[in-house]
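What follows draws every value from the coordinates through simple rules; no lab data is involved. These numbers were taken from a predicted model, which means no experiment stands behind them. In this analysis, Cβ positions are derived from the backbone assuming ideal geometry, glycine residues included, and neighbour counts consider all displayed protein chains.
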Amino acid sequence: MGLAPSGDLNICPCRALARSIIYLQRNNAPLTTPLARYYSNNHPCSITPAKITAALRASVTYLGTGLGFLPGDVSARSLRAAGANALLFAQVDTDVICLIGRWRSDEMLRYLHLLAAPAMRTSSRQMLNGGDYTLIPNHTIDDLVPLH
């Protein structure tokens with residue numbers, strides 16, 4: 001897997017990678033420095049899930065309740081669910097989503113919970129328009145479910 005530009009000037013994995021490398025170079029980091037490092041008082045510090053969660057929650061607090069969720073609703077782990085949902089809404093095949101997320105099973109499906117409601121908005125209509133079905137050989141739905 002590799003990175004490709006998103007086409008957005010601010011939200012782009014390639015640009016983010018370039019900014020990280022420039023940041024590390026400006027702080028005289030050795031070439032072997034992991035990308036998940038930052039400097040505080042000239043000392044290297046690791047970026048951890050706890051620090052990502054704190055930054056996300058601070059951002060939600062700053063932006064306010066208009067987002068539809070509270071600071072306690074987000075964490076570093078929720079980025080994985082958000083990414084999977086964004087790909088699902090973009091109609092990316094679920095097998096590709098599993099590859100991108102490095103899921104080895106259908107574990108990805110647990111991330112696609114109620115947030116997937118927009119994707120399901122037209123599912124009932126699609127199911128009804130999909131054709132006639134026979135659930136049991138030689139039986140129709142009218143045979144199975146009497147209408148009273």
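The table below lists the values:
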read-out: Chymotrypsin sites (Phe, Trp or Tyr not before Pro) restricted to DSSP loop in the range 18-95 with at most 12 other C-beta within 10 Å; value: PHE69
read-out: In order through the range 84-93: 3J(HN,Hα) via Karplus (6.51 cos²θ - 1.76 cosθ + 1.60), integer Hz, x for Gly, Pro; value: 5, 5, 4, 5, 4, 5, 7, 6, 7, 4
read-out: Dipole magnitude (debye, nearest 20) for the range 1-98, charges at Cβ of Lys, Arg, Asp, Glu; value: 420 debye
read-out: Shape of the range 1-47, Cα gyration tensor, a/c cut at 1.5; value: prolate
